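Engineer: Pasting a structure here, questions to come.
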Amino acid sequence: MLKKRKIFKELLKDKRTILVPGAYDGLSAKVIDSLGFDAVYLTGYGMEASRLGMPDIGLASMAEVVDQARNMNEAVSIPVVCDSDTGYGGLINVYRTVRSFEKAGIAAIHLEDQSFPKKCGGLPGRELISAGEMVGKIKSALDAREDDDFVIIARTDARGASGGSFDEAKRRLHAYLDAGADLTLVAERYPIEELRELAKSLDNTLVICAGIAGWEEYNLPFSEYEEWGVKLVIHPLLGLYAAEKALINVHKELKREKYISEAKLAEFCCGFDEFNELISLKFWTNLEEKYGPKE
């Protein structure tokens, strides 16, 4: 666990932009790990959708998210970055939140400046806490962590929240860095020129959420984000939305034909052996052979 955090902290020292896919459970995280990415992101939106079948409006408890994060972390060899919403309450809640995610082995979390309960950054009706209260939350988070390699990311929704503006978003993110946050994050709509200006002003500390259909500012070539100095480009919903579409397509076929032909199985699905390799079946069967009774 500590090694993963150190690896992630070392990645952040490099000026290069890091591509981080999003996952929503242990299996989706293992797919990302198997493909050689540097880190994986646990999306709160995806976690609430997959675990609860509910929208990202603050319905999941801290215990549920920490449990999901712990399972994901234990399933992979790469660092896990986790969405921790508002810290699940006020200043003292944030303190406990940091301790809980740190004990679960997570490399980094992000905290946001919405009021509790929060809403997904693409939804209307978001309300902010004061910048001063968010600075207090960041300081609480920094005091709570026991490992200096545990990364604290501060997110603002001030661009599109009630009474928000670009200038307010920029002011808040700089204030959060001054308070000690390691990185900053935005996950709402920005005109491209504003997002570019924000990234350049934040000097290689901005995290963005990319790969969202219809949000052109988050679907630019990776090289552009590199040129702006974005630190992490996270694709939080790519796997979730791809899986949902695949599930619909294969079950439409089953509903229509009442069975899946060999050709369609090959088209829609991975094979039995391929899947068992991904979930490390051989490791567990080797343990059984090693420790089981010998004749």
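Here, each number is a calculation from the coordinates, and none is a lab measurement. All figures in this text were calculated on a predicted structure; none of them were measured in a lab. Using ideal geometry, Cβ is built from the backbone for each residue, glycine included, and neighbour counts are taken over all protein chains shown.
Engineer: Which FRET efficiency value, to the nearest 0.05, is calculated for K290 and S77 with the Förster distance at 25 angstrom and r the Cβ-Cβ distance?
Structural biologist: Given R0 = 25 Å and the Cβ-Cβ separation, E is 0.75.
Engineer: With r defined as the distance between the Cβ atoms of I279 and K200 and R0 fixed at 45 Å, what FRET efficiency is calculated, to the nearest 0.05?
Structural biologist: On the way: r = 43 Å, r/R0 = 0.95.
According to the calculation, E is roughly 0.60.
Engineer: If you don't mind, another one. Of the trypsin sites (Lys or Arg not before Pro) in the range 144-248, which ones lie in a loop per DSSP and count no more than 15 other C-beta atoms within 10 Å?
Structural biologist: Filter output for the range 144-248: empty list.
Engineer: Let me ask something else about it. Assuming R0 = 30 Å, what is the FRET efficiency of A242 and E262, from their Cβ-Cβ distance, to the nearest 0.05?
Structural biologist: Values: r = 23 Å, r/R0 = 0.78.
After rounding, the FRET efficiency stands at 0.80.
Engineer: By a straight-distance test (C-alpha under 18 Å), which lysines pair with K103 as possible cross-link partners, with residues fewer than eight away in the same chain excluded?
Structural biologist: By straight Cα distance, K103 reaches K3, K4, K6, K9.
Engineer: For a protection proxy built on the mean count of beta-carbon atoms within 10 angstrom, sort 256-263, 267-274, 179-186 highest first, please. Before the final figure, lay out each step's value.
Structural biologist: Details: 256-263: 9.1, 267-274: 11.0, 179-186: 22.4.
Sorting 256-263, 267-274, 179-186 by mean packing, highest first, produces 179-186, 267-274, 256-263.
Engineer: With N denoting the number of residues in the range 244-291, provide Rg(C-alpha) divided by 2.2 N^0.38 Å, to two decimal places.
Structural biologist: Working: Rg = 15.5 Å, N = 48, 2.2 N^0.38 = 9.6 Å.
Here the answer is 1.61, to two decimals.
Engineer: Let me ask you something else. Give the share of C-alpha pairs in each 5 angstrom bin for the range 48-193, from 0 to the last occupied bin, in whole percents, shortest bins first.
Structural biologist: 2, 10, 21, 22, 21, 14, 8, 2, 0
Engineer: Which of the aspartates and glutamates could a cross-linker bridge to K200, judged by Cα under 12 Å and excluding same-chain residues fewer than eight apart?
Structural biologist: Filter leaves E224, E226, E227.
Engineer: How big is Rg to Rh over the range 198-295, alpha-carbon atoms, Rh as the Kirkwood inverse-mean-distance radius? Mind showing how you got there, number by number?
Structural biologist: Details: Rg = 21.9 Å, Rh = 18.0 Å.
Answer for the range 198-295: 1.22.
Engineer: Moving on. Mind pulling the angle between the C-alpha long axis of helix 131-144 and the longest principal axis of the chain? Nearest 10 degrees, somewhere in 0 to 90.
Structural biologist: Roughly 50 degrees, rounded to the nearest 10.
Engineer: Continuing with this model, one more query. If you take every DSSP beta bridge fully contained in the range 2-238, what fraction is antiparallel? Give it as a percent rounded to 5.
Structural biologist: Details: 1 of 27 bridges.
Among the beta bridges of the range 2-238, antiparallel pairing accounts for roughly 5 percent.
Engineer: Please list, short to long, the whole-number percent of alpha-carbon pairs of the range 90-134 in consecutive 10 angstrom bins beginning at zero.
Structural biologist: In whole percents, the pair-distance histogram is 23, 46, 29, 2.
Engineer: On to the next question. Which aspartates and glutamates, if any, have their Cα less than 20 Å from the Cα of K245, not counting same-chain residues under 8 positions apart?
Structural biologist: Qualifying aspartates and glutamates at Cα under 20 Å: D25, E48, D56, E253, E257, E267.
Engineer: Mind sorting out which of [x] 49; [y] 55; [z] 42 is the real percent of Cα pairs over 25 Å apart computed from the coordinates?
Structural biologist: Computed from these coordinates, percent of Cα pairs over 25 Å apart corresponds to label [x].
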